[in-house]
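Asker: One structure is given below, represented as structure tokens, and several questions about it will come after.
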Amino acid sequence: MRIAMVSEHASPLAVLGGVDAGGQNVHVAALAEHLARRGHEVHVYTRRDQPEAVQPERRRLCDGVTVVHVPAGPPRPLPKDDLYPLMDEFGRWLARDWRRHRPDVVHAHFWMSGLAAREASRETGVPMAQTFHALGSVKRRHQGSADTSPETRVGLERALAASADVVIATCTDEVEELRRLGAPVDRVEVIPCGVDTAVFHPDGEGHDAWPAGRTDALLLSVGRLVERKGFDLAIRALADVPGASLVVVGGPPAAELATDPEAQRLRHVAREAGVADRVHLVGAVSHEQMPALYRSADLVLSTPWYEPFGITPVEAAACGRPLVGSAVGGLLDTVADGETGRLVPARDVPALAAAVRELLADRERAEQMGRTARCRAVASYDWAQVAARTEEALEAAVRSRRSRQGTGLSDGSRAWLKVHSRQLEEGMAGLVARASTIESWGRRLAVLLGSGGRVMAAGNGGSAAEAEHLTGELVGRFLDERRPLSAVSLCSDTASLTAILNDYGLEEVFARQVAAHGRPGDVVVLMSTSGRSPNILAAARRAKELGIHVWALTGPAPNPLASLADEAVAVPAGSTAAVQELHLVAVHAMCAALDATMLELEGQPGDEAAAEAKAVPA
């Protein structure tokens with residue numbers, strides 16, 4: 001495809017760390033590069049903020065990616081919030097350019113980019129995908145009168161969410177916000193920001209520019225120097241973390257920190273807290289130096305008031321560093337509390353300090369969290385995966401526009417089958433990568449069920465059919481003749497379902513059945529393509545309270561169910577249909593392992609089989 005990406009203020013060529021240069025710049029640059037690696041031609045449109053002699057109209061970023069500098073407004077840097085009046089001019093220029101060089105689809109990044117892209121899309125008919133990166137409704141909720149966004153922002157975002165062919169949310173928390181804005185949920189896809197796990201990795205030297213006189217522990221905070229990033233909270237918490245130093249990366253170059261208002265404020269906070277000698281503001285650091293900085297830290301802190309996504313947690317995870325962060329926004333997805341770090345309530349300094357002390361006091365646990373974080377980053381946030389999922393979303397935007405324009409059914413069927421086959425192929429590769437987990441589930445179920453245990457299964461919609469399929473294979477048989485096993489589908493008893501719905505509501509539909517049928521040590525297999533269904537999450541929580549093991553089959557991670565479950569297999573397929581079909585493959589693979597194990601157990605002496613039974617599930 002020929003892809004137009006619009007990023008009006010966040011140029012992929014910008015230096016990071018300034019007030020308006022941060023994670024979005026990295027996101028746009030990396031996504032464009034990885035889409036180009038997949039064979040697409042990408043043009044990134046950003047506003048010209050230097051004279052043409054310095055910023056020519058078109059500049060090559062890498063093979064397959066061209067940055068286009070759009071002449072909208074004066075050719076000088078302007079604050080982000082001052083760009084809104086220029087978006088009509090920006091959009092008209094895009095429309096003229098697209099008549100000469102028509103893209104197949106446009107992907108707008110940030111709400112103002114969306115305004116310009118929508119203007120050009122209306123003029124040219126180019127399908128449009130929208131990523132907000134940050135929503136005005138959330139910003140206004142947290143910043144109140146300090147919010148400098150135009151008054152009309154929330155209303156304009158509502159219109160954009162309703163009109164885009166596809167809306168790409170970067171975290172699950174954003175989906176609910178988009179729903180409140182009126183976005184059609186069937187056109188919303190959750191695709192996180194990514195990280196280059198080949199660049200950000202745990203192996204290699206640390207940074208040699210740390211402050212002299214290293215203390216017992218080095219803490220690292222990274223981000224733009226703006227108040228909502230909560231660096232002052234980390235500084236205040238340092239007062240209750242003796243023997244630790246805090247390095248803050250971001251903002252203007254080091255030579256300009258003395259005149260930067262936020263840097264001055266943070267230094268004043270450090271003096272007030274009595275930790276000025278342990279707080280080091282280093283200013284802007286090149287992207288190339290960041291992996292070494294992360295590797296040098298004992299612990300990374302990310303303490304925003306709110307965070308639409310936040311690139312710091314995934315970069316830290318890729319470098320194998322545990323993180324303590326605020327339980328807000330994207331961090332709810334990127335940090336698995338207790339597994340890859342700790343999450344604490346936003347703006348709660350005592351809780352933050354306690355979590356930092358906890359991990360510094362148990363270095364072995366912190367190191368294990370770092371290893372888990374690295375594995376999770378590679379599995380869920382590597383740019384290659386993010387680009388593949390974005391490609392599917394952009395193709396969905398094209399299909400959506402065609403269907404709304406009345407594309408013929410045969411064309412639509414062929415296009416759908418082509419995309420679907422690729423989704424199945426990519427999803428199957430992810431499933432094969434988790435074959436050891438699926439086999440382990442089958443073997444452990446054989447021992448559990450063979451010793452009188454029980455398995456339950458539940459899902460909604462198509463996933464309910466997959467849950468019934470699993471229990472049917474267990475009560476009946478899959479490959480070989482064997483005795484029936486105790487398996488209960490929580491989706492099939494209509495009398496119980498309607499009674500619980502009537503008396504307790506939808507959220508209790510599965511949770512109450514788990515409590516009725518489950519016993520400590522049993523297993524419940526929960527299936528959800530989104531990983532967000534409230535009744536499935538309620539069942540998972542109830543099961544864990546009762547000592548019942550929770551195994552989850554979900555769509556792409558991260559998602560709440562995968563994080564909540566004891567064990568999860570997240571299928572990295574690009575559509576609900578593909579995920580459901582691959583869940584059935586996982587069910588069959590699990591049953592094959594179960595049948596093979598049942599044969600092994602039946603051939604063992606009684607005492608040996610009983611002894612093995614006691615060891616399951618793990």
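Asker: Checking the structure you have, find out if any residue of the range 141-148 is touching a helix residue (DSSP H, G or I) at 6+ places or on another chain (Cβ under 6 Å) and buried (at least 18 other Cβ atoms within 10 Å of the Cβ).
Answerer: Our first condition is that a residue be touching a helix residue (DSSP H, G or I) at 6+ places or on another chain (Cβ under 6 Å); within the range 141-148, this holds for 147-148.
With buried (at least 18 other Cβ atoms within 10 Å of the Cβ) added as a condition, the list becomes none.
Scanning the range 141-148, I find no residue that is touching a helix residue (DSSP H, G or I) at 6+ places or on another chain (Cβ under 6 Å) and buried (at least 18 other Cβ atoms within 10 Å of the Cβ), so the answer is no.
Asker: Check whether at least one residue in the range 297-314 is assigned to a helix (DSSP H, G or I), buried (at least 17 other Cβ atoms within 10 Å of the Cβ) and touching an Asp or Glu at 6+ places or on another chain (Cβ under 8 Å), and report yes or no.
Answerer: no
Asker: Do any helices (runs of 4 or more DSSP H) lying entirely in the range 509-598 carry at least 1 residues that are over 22 Å from GLU473 (Cα atoms), in contact (Cβ under 8 Å) with a residue 12 or more places away in the chain and within 25 Å of the chain's Cα centre (by Cα), and which ones are they?
Answerer: The qualifying helices (runs of 4 or more DSSP H) are 534-545, 560-564.
Asker: Residues of the range 39-66 being surrounded by 12 or more Cβ atoms within 10 Å (Cβ to Cβ), more than 18 Å from ALA120 (Cα to Cα) and among the aliphatic types (A, V, I, L, M), which ones?
Answerer: LEU61, VAL65
Asker: Sticking with this one: Scan the range 73-83 residue by residue and report those that are crowded, with 16+ Cβ neighbours inside 10 Å, over 28 Å from the mean Cα position of the chain (by Cα) and touching a residue at least 60 places away in the same chain (Cβ under 8 Å). Before you say what the answer is, go through the steps one by one.
Answerer: Kept after step one, since they are crowded, with 16+ Cβ neighbours inside 10 Å, are these residues of the range 73-83: 73, 75, 80, 83.
Retained after the next criterion (residues that are over 28 Å from the mean Cα position of the chain (by Cα)): 73, 75, 83.
The answer is LEU83, and nothing else.
Asker: Which residue, of LEU424, LEU409, is open to solvent by 60 Å² or more (accessible area, probe 1.4 Å) and modelled with pLDDT under 90?
Answerer: LEU409
Asker: Scanning the range 349-364 for residues that are farther than 15 Å from LEU233 by Cα and in contact with a Leu (Cβ under 7 Å, 6 or more places away or on another chain), which turns out surrounded by the fewest Cβ atoms within 10 Å (Cβ to Cβ)?
Answerer: LEU360
Asker: May I ask you to list the residues in the range 372-387 that are of a type in the set (Gly, Ala, Ser) and buried (at least 21 other Cβ atoms within 10 Å of the Cβ)?
Answerer: The first filter runs over the range 372-387 and keeps only residues of a type in the set (Gly, Ala, Ser), leaving 373, 377, 379-380, 384, 387.
Correct list: ALA373, ALA377, SER380, ALA387.
Asker: Here is a further query. Of all residues in the range 153-191, which are outside any helix (DSSP H, G or I) and modelled with pLDDT of 90 or more?
Answerer: Of the range 153-191, the ones outside any helix (DSSP H, G or I) are 164-171, 182-184, 188-191.
ALA164, ASP165, VAL166, VAL167, ILE168, ALA169, THR170, CYS171, VAL188, GLU189, VAL190, ILE191, listed by residue number.
Asker: Just name the residue that is farthest from GLY136 (Cα to Cα) out of those in the range 329-348 that are among the aliphatic types (A, V, I, L, M) and surrounded by fewer than 24 Cβ atoms within 10 Å (Cβ to Cβ).
Answerer: The qualifying residue farthest from GLY136 (Cα to Cα) is ALA336.
Asker: Same structure again: If ALA36 satisfies every condition in (1) surrounded by fewer than 19 Cβ atoms within 10 Å (Cβ to Cβ); (2) in a helix (DSSP H, G or I) but one, which is the exception?
Answerer: The number of the failed condition is (1).
Asker: Could you look through the range 244-267, keep only residues that are in contact (Cβ under 8 Å) with a residue 40 or more places away in the chain and in a loop (DSSP other than H, G, I, E, B), and pick out the one that is most open to solvent (accessible area, probe 1.4 Å)?
Answerer: PRO252
Asker: Give the range 315-328 a look and list any residue that's touching a Pro at 6+ places or on another chain (Cβ under 9 Å) and either more than 22 Å from GLU177 (Cα to Cα) or open to solvent by 30 Å² or more (accessible area, probe 1.4 Å) (or both), or say none. Walk me through it before giving the result.
Answerer: Of the residues in the range 315-328, the ones touching a Pro at 6+ places or on another chain (Cβ under 9 Å) are 315-316, 318-321, 323, 325-328.
Result: GLU315, ALA316, ALA318, CYS319, GLY320, ARG321, LEU323, ALA327.
The values are calculated or read from the model by the stated rules, or taken from the named source; none is laboratory data. Quantities reported herein were computed from a predicted structural model and do not represent experimental measurements. With ideal geometry, Cβ positions are generated from the backbone for all residues, glycine too; neighbour counts draw on all protein chains shown. Just the protein is used for accessible areas: all its heavy atoms, side chains included, with ligands, DNA and RNA removed. Shrake-Rupley method; radii C 1.70, N 1.55, O 1.52, S 1.80 Å.
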